[in-house]
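These notes concern the structure reproduced below.
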Amino acid sequence: MLKITALDVFFGSQKVLDGVSLSLDSGVMAGLIGRNGAGKTTLLRSVMGLVPAGAGEIHFDHHDFLQSPSHARAALGIGYMPEDRKLVPEFTAEENVLLPAWSTGMDGTAERLTWIYGLIPEVEAFRQRRANQLSGGQQKMVALARALLCGERLLLLDEPFEGVAPALAQRLAQIISKLRNEGMTVLIADSNEQHIRDLIDLSFVIERGSVRAA
């Protein structure tokens with residue numbers, strides 16, 4: 001489903017990703033493991049078109065991402081949960097969740113939202129509260145719900161457990177584990193494989209911008 005080949009990314013003259021290659025089959029849950037600064041976030045942002053590639057290829061299904069605009073990713077069924085959540089502070093939790101639908105004009109939004117609230121009832125409980133009134137953990141749940149709204153086929157989760165209390169981290173892990181039954185393809189970036197060991201089918205290790213299978 002997702003295939004990255006010999007991907008290079010530069011920030012100025014510094015090479016941040018160096019010949020990265022990996023592939024994910026449909027329905028696989030995988031980990032991208034590396035220390036802070038290893039290139040995890042840059043790789044996910046590259047897939048989403050948020051940072052330009054210097055060389056290489058990124059293909060999703062039959063789509064060449066380096067030849068298509070970044071805003072087309074969500075419409076293809078890809079959801080992205082950034083490490084820093086990136087919620088609109090003045091919007092309610094539900095408005096933040098619905099942002100991908102507003103930007104893509106996707107069909108079936110009401111049904112998808114009902115499914116998400118069934119999966120994460122906590123978000124439904126505070127759906128009318130503004131994002132800037134939520135705790136960091138609650139904001140993580142909203143960011144995951146937003147990624148799920150459009151991420152019907154592929155989810156990219158960047159450090160979903162970072163900075164949250166152990167009880168909430170366990171709850172997030174329960175939610176993510178249920179996605180396996182939905183047949184989703186999931187790539188989880190984390191600095192500690194122990195957080196996601198029971199969730200994933202395989203893992204990739206990223207060190208200094210290079211990736212190897214683990």
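The values are calculated or read from the model by the stated rules, or taken from the named source; none is laboratory data. Bear in mind that the values here come from a model prediction, so they are computed numbers and not experimental data. Every residue, glycine as well, gets a Cβ built from its backbone with ideal geometry; the counts of neighbours run over all protein chains shown. What goes into the accessible areas is simple: the full protein's heavy atoms, side chains included, and nothing from ligands, DNA or RNA. Shrake-Rupley method; radii C 1.70, N 1.55, O 1.52, S 1.80 Å.
Only residues that are over 16 Å from Arg153 (Cα atoms) and among the hydrophobic types (A, V, I, L, M, F, W, C) were counted across region 59-100, and they come to 8. Across region 88-105, the qualifying residues are those that are over 17 Å from Ile120 (Cβ atoms) and out of contact with any strand residue (DSSP E or B) (no Cβ under 8 Å at 6 or more places or on another chain), and the one among them that is most open to solvent (accessible area, probe 1.4 Å) is Trp102. So, Arg85, is that one open to solvent by 40 Å² or more (accessible area, probe 1.4 Å) and closer than 30 Å to Phe204 by Cα or not? In short, yes.
For region 66-87, the criterion of a residue being over 15 Å from the mean Cα position of the chain (by Cα), under 14 Å from Leu7 (Cβ atoms) and free of Cβ contacts under 8 Å to residues at least 24 places away in the same chain is satisfied by at least one position.
Of everything in region 78-94, what is of a type outside the set (A, V, I, L, M, F, W, C) and either over 17 Å from Thr42 (Cα atoms) or not in a loop (DSSP other than H, G, I, E, B) (or both)? Give them in sequence order.
Gly79, Tyr80, Pro89, Glu90, Thr92, Glu94
Just to be sure before I move on: is Gly79 in contact with an Asp or Glu (Cβ under 6 Å, 6 or more places away or on another chain) and either buried (at least 17 other Cβ atoms within 10 Å of the Cβ) or aliphatic (A, V, I, L, M) (or both) in the structure I sent? The answer is no for Gly79.
Table: residues versus (1) modelled with pLDDT of 95 or more; (2) among the acidic types (Asp, Glu).
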position	(1), (2)
Gly79	no, no
Phe91	yes, no
Glu95	yes, yes
Ile116	yes, no
Glu124	yes, yes
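Contact map, region 93-118: first residue farther than 19 Å from Ile176 by Cβ and hydroxyl-bearing (Ser, Thr, Tyr), second residue at pLDDT below 95 and open to solvent by 30 Å² or more (accessible area, probe 1.4 Å), Cβ cut-off under 6 Å, separation 6 or more or different chains; pairs are Thr104/Ala75.
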